1. If you take every residue apart from ALA159 with its C-beta less than 13 Å away from the C-beta of ALA159, what net charge results, scoring Lys and Arg +1 and Asp and Glu -1?
2. Tell me, what is the FRET efficiency for ASP33 and ASP140 to the nearest 0.05, using R0 = 22 angstrom and their Cβ-Cβ distance as r?
3. Compare the peptides 53-61, 27-35 by average per-residue count of other Cβ atoms within 10 angstrom and give them in order, highest first.
4. Mind checking which aspartates and glutamates have their Cα closer than 17 Å to the Cα of LYS56? Skip sequence neighbours fewer than 8 apart in that chain.
5. Can you give the net charge of the other residues whose Cβ lies under 13 Å from the Cβ of MET139, counting K and R as +1 and D and E as -1?
6. If we count other beta carbons within 10 Å of each Cβ, what is the order of PHE82, PHE24, PHE36, fewest first?
7. My understanding is that a pair violates if its Cα-Cα distance is over 29 Å; which of LYS67/LYS155; LYS37/LYS67; LYS75/LYS177; LYS28/LYS155 do that in this structure?
8. Report the gain in length on full extension from LYS63 to LEU116: 0.36 nm times residue separation, minus Cα-Cα distance, nm rounded to one decimal.
Amino acid sequence: MENYMRKKLLLQQQPNEHDVTVQFLQSKIESQDIQFKYFITLSYYVSTDDMTYMIKTHKHVKKVILKYLYNNIPKDRIRIWFFMETHKSGSYHSHILMEGLDDRIRMRYCNRNNILFTTTGSTDNIIKYTDGNLDEEIMDGLRAHLQENVDTLGKGSGAVDIRDVGDIDRRLGYVNKEMRYGINEMSMRGYSNKGLYDHIDIENCDM
């Protein structure tokens, strides 16, 4: 009995797929100096459990976001990661991790909307704005822009949820939470056509 309990304790201490995946993503964030600022959730009025369809949707969403933020999309643009989560119904919704806005985005927004701003003498320094929370205003605009340009998104106020990412380690745990189920339990929950790592849209993640 004592030997059995010792083995059980050792097994519990072994890193599981969820923890290993979170650690891998943490290492990517650290090695690439990614500074995630926003956590975005997209809910669709068109229900689908088709992963290929979701990957195509994410590709379009990414293009919509970047075209809203930049005139000409630079190579050193902000980085975005996409994840899929399954509703109890079996259909998908999306989670997005996105870096914070840079001064090129702010300047473009100000110029397009006739907002006065001043700089501290270097384009590398944060721009000083005359009034209001400009980043919040830009992200409010992005919310509306997504709903106007992604046809499958719901039209209600909760269809595009944008909030501060908060503790990034907790967010990484959250977007990978389905991995805690394991393949067998996922099958019991009705996710039988979904693999353990399929929730990470590697094709559209800037890794």
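Just so you know, all these numbers are worked out from the coordinates, no wet-lab data involved. No experiment lies behind these values; they were computed from the predicted model shown. We place every Cβ from the backbone using ideal geometry, glycine too, and count neighbours over all the protein chains shown.
1. Values: positive: ARG143, LYS155; negative: GLU148, ASP151, ASP161.
Value of the local net charge: -1.
2. Numbers: r = 28 Å, r/R0 = 1.25.
Computed FRET efficiency for ASP33 and ASP140: 0.20.
3. Values: 53-61: 18.0, 27-35: 12.1.
Result, highest mean Cβ count within 10 Å first: 53-61, 27-35.
4. Here the aspartates and glutamates satisfying the reach criterion relative to LYS56 are GLU85, ASP151, ASP198, ASP201, GLU203, ASP206.
5. On the way: positive: LYS37, ARG106, ARG143, ARG163; negative: GLU99, ASP135, GLU136, GLU137, ASP140, ASP161, ASP164.
Summing Lys and Arg as +1 and Asp and Glu as -1 gives -3.
6. Working: PHE82 27, PHE24 14, PHE36 21.
Lowest count first: PHE24, PHE36, PHE82.
7. Numbers: LYS67/LYS155 21 Å; LYS37/LYS67 19 Å; LYS75/LYS177 32 Å; LYS28/LYS155 34 Å.
Flagged as over cut-off: LYS75/LYS177; LYS28/LYS155.
8. Details: separation 53, 0.36 × 53 = 19.08 nm, distance 2.80 nm.
Extending this stretch completely gives an extra 16.3 nm.
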